[in-house]
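Trainee: This is the structure I have questions about; it appears just below.
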Amino acid sequence: MKARFTYLGDMLFWILVAALTAALAVILLYPLLRGAKAADNIRAGEAAVYRDQLRELDRDLDGGLITPEEADYARAEIGRRLIAVSADEPAETPKPARHHRFTEAFVLLVLPVLGLCLYLTTGRPDLPSQPLEARLENPGNDVAVLIAKAERHLAEKPDDGKGWDVLAPIYFRTMRVNDAQLAYRNAIRLLGPSPVRLDGLAETLMAVSDGVVTEEARQVLEQSLTLEPDNPRARFYIALSMEQAGRPNEARQAFEALAKQSPSDAPWLPLVNQHIAMNGGAPAGTNPAAPGADPAAPGARPAAPGNPTQQDVAAAETMSAGNQQQMIRGMVESLDAKLSEDPNNFEGWMRLVRSYAVLNDKDRAAGALKRGLAAFPPPGEQGRQLLTLARELGIATEGATQ
């Protein structure tokens, strides 16, 4: 009995495939088969319009609405158009069987064969159906199904703060930053602020703004510090906001304070030392990041082009202030060269403009701004961010947009 139902199911499936193929062929062939007839109908319609105009012209002449001279001129023009339409009519009607023969054969034969071959190669008709309801009941390790299940639960119970709290970091890790921002806000509204939730919200705000610590993100981080004054993540991002705002001395002091209060094996310490060096300070002692470090920790982020490596930071410890400055300039010039080869790096242009401003090289900063705007024009969001950064750093923007 089971084999019989399987046979009937397979037969029904192929009947549906054949019916859909035939329907698609009819849809594709219909414009080809009616093309000539449609053109004839258009010409016939135009000719009928011109004949009506001639009759209307005679009525206007009889009624004294126009003069004979005007009637003759109009009759000649209408007659010219009528002759032109009649001249466009083919001498003989082509046989429909020969019209678009190659195209019709392609639609009727080649397309179905290609579709069948593709299905037999990649299709799996033997797989059982996988309805969403069943997958939601047993999601396993499927992240997309887990998210869908959580979203369905929150749609029914939108005031479940714990649900939003769990879903927010998952959204962030899957790069759904706008959804993550909403989830963090709901979790904070329902469960109250906590350092973890506030830091997560700040990171989503920075992700939306391409890594820039916005004013709203800074306010969220400051609120996190009021709850946990020794929160290294919030302190790192606040120091980064000072660096991005073109305040290298304040940024260096903030990074140095974070480095002094961090354990010697803290996974974020190498990145903190990089920023200390970038802002003209002497890096503290570093240790390589722990193998199991939290990927969301500041030190776990990959170094951006032009940033110093851990070897560079270690070498900077033994340098004089002048040599450190020379090393920093070399790294900035390395970033400049990489952006010349690959200009489609928005964060790189932001970093380059900011770095030249920190080095007090306003001419090169203005040049970097102009090149960055060539890759990201001012009408776009990223171009506007470049101009905003330049104004904050005191870089002239008048000639940069030309």
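Trainee: How many of the residues making up segment 249-267 are within 32 Å of the chain's Cα centre (by Cα) and under 20 Å from ALA217 (Cα atoms)?
Mentor: Taking segment 249-267 as the starting set, the residues that turn out to be within 32 Å of the chain's Cα centre (by Cα) are 251, 267.
Filter once more, so that each one left must be under 20 Å from ALA217 (Cα atoms): 251.
Residues that pass the stated criteria total 1.
Trainee: Hey, does segment 20-30 have a residue that's within 30 Å of LEU116 (Cα to Cα), modelled with pLDDT of 80 or more and surrounded by fewer than 11 Cβ atoms within 10 Å (Cβ to Cβ)?
Mentor: So far as segment 20-30 goes, yes, one or more of its residues are within 30 Å of LEU116 (Cα to Cα), modelled with pLDDT of 80 or more and surrounded by fewer than 11 Cβ atoms within 10 Å (Cβ to Cβ).
Trainee: Also, I was wondering about something else. Taking segment 168-205 as the region of interest, how many residues are crowded, with 16+ Cβ neighbours inside 10 Å, among the β-branched types (Val, Ile, Thr) and over 18 Å from ARG218 (Cα atoms)?
Mentor: 1
Trainee: What tally of residues in segment 213-247 results from selecting those that are among the β-branched types (Val, Ile, Thr) and in a loop (DSSP other than H, G, I, E, B)? So that I can check it myself, show each step before the final result.
Mentor: Step one: list which residues in segment 213-247 are among the β-branched types (Val, Ile, Thr), which gives 213-214, 220, 226, 238.
Of the ones still in play, those that are also in a loop (DSSP other than H, G, I, E, B) are 213-214.
Number of matching residues: 2.
Trainee: Tell me which of these ASN360 doesn't satisfy, since it passes every other one: (1) of a type outside the set (A, V, I, L, M); (2) within 22 Å of GLU333 (Cβ to Cβ); (3) assigned to a helix (DSSP H, G or I).
Mentor: (3)
Trainee: Let me ask another. Being modelled with pLDDT of 85 or more and either in contact with an Asp or Glu (Cβ under 7 Å, 6 or more places away or on another chain) or small (Gly, Ala, Ser) (or both) is the filter; apply it to segment 351-371 and report the residue that is farthest from ALA337 (Cα to Cα).
Mentor: ALA366
The values are calculated or read from the model by the stated rules, or taken from the named source; none is laboratory data. Everything numeric here is computed off the predicted structure, so don't read it as measured data. Here Cβ is always computed from backbone atoms with ideal geometry, including for glycine, and neighbour counts include all displayed protein chains.
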